[in-house]
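To start, the structure under review is shown below, and the notes come after it.
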């Protein structure tokens, strides 16, 4: 579903590239750069109308909606134009891999295509994978199977240890304990059927 339309499509400069504009697709939650494709006016209109990101294929010379065959759609959040009105930044929530190779992005997996804090979103995805697969040798599996009360207890313990490290003035220890706290908090959110996005939503509402 389109959350906000901040784009004046009539002001875009379609004349520089034969009626096409490059569209940079960015994960609306964690900031990862997912892919680059092209849009013509019809593709942009369909994207805005349907809520699913749609492109113009230069090789096939036709409109195509991302994920129409694979199911790996890009759910539109917002579209922004750059200062010259000849390039689009498309914020979307991916429903599956963005790349035809089955990878999360079309860029090199080792490339820094996301902000450092996106590591938290990656950790959340990993915890979700552990929850689904429940590998026997995983600490996350054991923690999830211990139940939400035990997980909550671990969060409390890690919180106390983080506070004690802060009071003691041990910077390295504080960083380590804070990392442990964040990990266990993410597991607790998973056990409570919540996500980082839910927490971010609360913070955004408080800012408003």
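Key figures
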{"item": "Debye-sum result for the range 66-189 in log10 I(q)/I(0), which assumes one identical scatterer on each alpha carbon, at q = 0.16, 0.19 Å⁻¹", "result": "-0.97, -1.12"}
{"item": "Percent breakdown of C-alpha pair distances by 5 Å bin, ordered from the shortest bin, for the range 118-207", "result": "3, 14, 20, 21, 20, 14, 6, 1, 0"}
{"item": "Normalised alpha carbon radius of gyration of the range 9-94 [divisor 2.2 N^0.38 Å]", "result": "1.00"}
{"item": "Förster radius 35 Å - calculated FRET efficiency between residue 83 and residue 132, Cβ distance, rounded to 0.05", "result": "0.20"}
{"item": "Principal-axis tilt of helix 41-50 within the chain, Cα atoms, nearest 10 degrees", "result": "40 degrees"}
{"item": "Ratio Rg/Rh [Cα only; Rh per Kirkwood] for the range 113-163", "result": "1.05"}
{"item": "The chain: angle of helix 196-207 to the longest principal axis, Cα-based, in degrees nearest 10", "result": "80 degrees"}
{"item": "Sites residue 61 and residue 157 - FRET efficiency at Förster radius 35 Å, r taken between beta-carbons, to 0.05", "result": "0.05"}
{"item": "Calculated diffusion of the chain, Stokes-Einstein form, Kirkwood radius summed over Cα pairs, 25 °C and 0.890 mPa s, µm²/s", "result": "125 µm²/s"}
{"item": "Principal-axis tilt of helix 118-133 within the chain, Cα atoms, nearest 10 degrees", "result": "70 degrees"}
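Every read-out reported here was derived from the displayed coordinates using simple, explicitly stated rules and does not represent laboratory data. Treat the numbers as computed from the prediction; the structure is a model and nothing was measured. Virtual Cβ from ideal backbone geometry, glycine too; neighbours counted across all protein chains shown.
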